[in-house]
Amino acid sequence: MTEVIMRSRKDFISSTLLTVVIIGQIGLTVIFYNRNGNDIGRNIGWVILWISALFGWLPIFTLKRLGRTGGKAYVHTTTLVDRGIYRIVRHPQYLAGMLVGAALPLIAQHWIVIPPGVAAIVLLYTGTFIEEKFTIEKLGEKYERYMQSVPRVNFILGLLRLLRKGRK
């Protein structure tokens, strides 16, 4: 019982900190947006932001359709989903957040937007390890095998592996 309470406290603190960092980064992007910045860098930032939207939204539809949630929210899947976006990366929504953290400094082009972006990326990446521990407990060996074939958040490697499988 105490372990569950401690985990929920840690989850609460971690998610609160992450929320503050992300909202802070968005706010700083708006406040310190550099209109005279480099257009190429800004455009790269916007492309990254749009890619993050794909990784953020596709899992919702994929898990609703394939996750066997029993009528609950999409995050309450009871089965391993290894199709769709989950053939490319194991943690697409964490990746989406990391991409946002990287995109906003490119869009704002002000140094003050970088530290919260780095903090968000670190918190999200660390969160993938916690999520995997929980998912291994929930789904066991099936998930461990899945981990061997699909990268955690490296979508370029995931796409290359997927293309290689398609050629075979």
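Which one is surrounded by the fewest Cβ atoms within 10 Å (Cβ to Cβ), of the residues in the range 12-31 that are under 12 Å from GLY127 (Cβ atoms) and not aliphatic (A, V, I, L, M)?
If we take residues in the range 12-31 being under 12 Å from GLY127 (Cβ atoms) and not aliphatic (A, V, I, L, M), then SER15 is surrounded by the fewest Cβ atoms within 10 Å (Cβ to Cβ).
Which numbered condition in (1) surrounded by fewer than 14 Cβ atoms within 10 Å (Cβ to Cβ); (2) at positive phi is the only one that GLN109 fails?
(1)
Hey, can you tell me all the residues within the range 118-137 that are more than 30 Å from GLY24 (Cβ to Cβ) and surrounded by 13 or more Cβ atoms within 10 Å (Cβ to Cβ)?
If the condition is that a residue be more than 30 Å from GLY24 (Cβ to Cβ) and surrounded by 13 or more Cβ atoms within 10 Å (Cβ to Cβ), then ILE136 is the only one that fits.
For residues in the range 53-81 being within 18 Å of the chain's Cα centre (by Cα) and of a type in the set (S, T, N, Q), which is surrounded by the most Cβ atoms within 10 Å (Cβ to Cβ)?
Looking at the filtered set, the residue picked out is THR77.
Test GLY41 against the criterion of being within 22 Å of GLY158 (Cα to Cα) and of a type outside the set (Asp, Glu), and give yes or no.
no
Take the range 146-168 and flag every residue that is surrounded by 12 or more Cβ atoms within 10 Å (Cβ to Cβ) and either hydrophobic (A, V, I, L, M, F, W, C) or within 22 Å of VAL75 (Cβ to Cβ) (or both).
TYR146, MET147, VAL150, PRO151, ARG152, VAL153, PHE155, LEU157, GLY158, LEU159, LEU160, LEU162 - these are the residues of the range 146-168 that are surrounded by 12 or more Cβ atoms within 10 Å (Cβ to Cβ) and either hydrophobic (A, V, I, L, M, F, W, C) or within 22 Å of VAL75 (Cβ to Cβ) (or both).
From LEU80, LEU17, grab the single residue that is closer than 29 Å to GLU137 by Cα, in contact with a Lys or Arg (Cβ under 7 Å, 6 or more places away or on another chain) and hydrophobic (A, V, I, L, M, F, W, C).
Going through LEU80, LEU17 in turn, the sole match is LEU80.
Does VAL113 satisfy the condition of being within 13 Å of the chain's Cα centre (by Cα) and of a type in the set (Val, Ile, Thr)?
The answer is no for VAL113.
How about the range 19-56: which of its residues are among the polar types (S, T, N, Q) and either in contact with a strand residue (DSSP E or B) (Cβ under 7 Å, 6 or more places away or on another chain) or in a helix (DSSP H, G or I) (or both)?
THR19, GLN25, THR29, ASN43, SER52 - these are the residues of the range 19-56 that are among the polar types (S, T, N, Q) and either in contact with a strand residue (DSSP E or B) (Cβ under 7 Å, 6 or more places away or on another chain) or in a helix (DSSP H, G or I) (or both).
Note down all Cβ pairs under 6 Å where the first residue falls in the range 87-116 and is under 30 Å from SER149 (Cβ atoms) and of a type in the set (D, E, K, R), the second is surrounded by fewer than 22 Cβ atoms within 10 Å (Cβ to Cβ) and at pLDDT 95 or above, and they're at least six residues apart or on different chains.
Filtered contacts from the range 87-116: ARG90/VAL150; ARG90/ARG152.
If VAL118 passes every condition in (1) more than 16 Å from the chain's Cα centre (by Cα); (2) closer than 30 Å to TYR33 by Cα but one, which one does it miss?
All conditions pass for VAL118, except number (1).
The values are calculated or read from the model by the stated rules, or taken from the named source; none is laboratory data. Here the structure is a predicted model, which is why all the values come from computation and not from measurement. With ideal geometry, Cβ positions are generated from the backbone for all residues, glycine too; neighbour counts draw on all protein chains shown.
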